[in-house]
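Remarks on the structure that follows.
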Amino acid sequence: MARNNNTLYAILGIIAHGPSSGYDIRKQFNASLRFFWSESYGQIYPMLKQIVKEGYAEQIDSREPRRKKLYRITPEGQRALEEWLSRPVNPINYRDELLLKIFIAGPQDTKAILTLLEKERDDLKNNVAVLKEQEAQALKQYRNRVYPMWMMTLRYGIHSMEARLRWCEESMQVMGKKGEG
């Protein structure tokens, strides 16, 4: 197993919180993790098979009528996850297509860049609203017993998106168009 296969550890981290089906894992990626880590449907299922083969998880049947396959972390998987969590993180490999386009654009591209900034601003507003709703639901559902790490990642997402939103609005002003609220 490659030492830096973060997909493996992302999935182990999800099933460490309780048995999950492949669909449950995919939902977790789409609902929460997508704001800072993405995995495709095509990566999750082959990795689940590999995790079972490596002995890091076991497949169990649910007690539901449809008998869906659930995956549960094993003690060996828990040790591997704990070891991975203790390792230093790799530097962020930051790639931002919007910044690349702005850097390369010339004065003739002002309209195109403004359009991209407006779309980015609107997307960020929507994503901040989603994260704030997730935060409110988590606090309500778990009655303030939310894992602090979950709240830390949620708050990071909110802070970083709000900062980028401010940057978008400032950039639009620099280009001569005030960012509408």
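The values are calculated or read from the model by the stated rules, or taken from the named source; none is laboratory data. Only a predicted model underlies this, so the values are computations on that prediction, with no experimental measurement involved. Heads up, the Cβs are rebuilt from the backbone with ideal geometry, glycines too, and the neighbour counts pull from every protein chain shown. Accessible surface areas use protein heavy atoms only, side chains included; no ligands, DNA or RNA. Shrake-Rupley method; radii C 1.70, N 1.55, O 1.52, S 1.80 Å.
For this structure, a couple of remarks:
- Within the chain, helix-based [θ] at 222 nm, where runs of 4 or more DSSP H residues each add -39,500 (n - 2.57), nearest 500: -21000 deg cm²/dmol
- Here the stretch 6-38 and the stretch 82-135 have alpha carbon centers that stand 22 Å from each other.
- Gain in span if fully extended, Ile92 to Glu170, counting 0.36 nm per residue against the direct Cα distance: 25.6 nm
- Accessible area per residue was computed with a 1.4 Å probe on protein heavy atoms; Thr110 scores about 50 Å².
- Computed from label points 7 Å out along Cα-Cβ, the spacing between Gln141 and Glu82 is 2.7 nm.
- Here the peptides 25-33, 86-94 are ranked by packing, the mean other Cβ count within 10 Å, and the order with the highest first is 25-33, 86-94.
- Whole-Hz ³J(HN,Hα) from phi, Karplus 6.51 cos²θ - 1.76 cosθ + 1.60, for the stretch 80-88, glycine and proline x: 4, 5, 5, 5, 4, 4, 7, 6, x
- Which of Ser160, Leu131, Gly176, positive extreme of dipole for the stretch 54-181 (C-beta unit charges): Leu131
- Shown here is the pair-distance distribution of the stretch 20-94: with all Cα-Cα distances grouped in 5 Å bins from zero up to the longest one, the shares run 3, 14, 18, 22, 25, 12, 4, 2, 1, 0 percent.
- Rg and Dmax over the alpha-carbon atoms of the stretch 1-47 stand at 10.0, 28 Å.
- For the stretch 12-133, a simple Cβ point-charge model (Lys and Arg +1, Asp and Glu -1, everything else neutral) yields a dipole of about 400 debye relative to the Cα centre.
- Sorted on the mean count of surrounding Cβ atoms within 10 Å across their residues, most packed first, peptides 96-108, 123-135 read 123-135, 96-108.
- Check: the stretch 89-166 dipole with +1 on Lys, Arg Cβ and -1 on Asp, Glu Cβ, in debye: 340
- Note on log10 I(q)/I(0) by the Debye sum over Cα atoms at q = 0.09, 0.17, 0.19 Å⁻¹: of the candidates [x] -0.36, -1.10, -1.27; [y] -0.46, -1.14, -1.28; [z] -0.29, -0.95, -1.14, the value calculated from this structure sits at [y].
- Relative contact order of the chain, pairs being alpha-carbon contacts under 8 Å that are 6 or more residues apart, as %: 17
- Two-decimal ratio, the stretch 117-165, of alpha-carbon radius of gyration to 2.2 N^0.38 Å: 1.24
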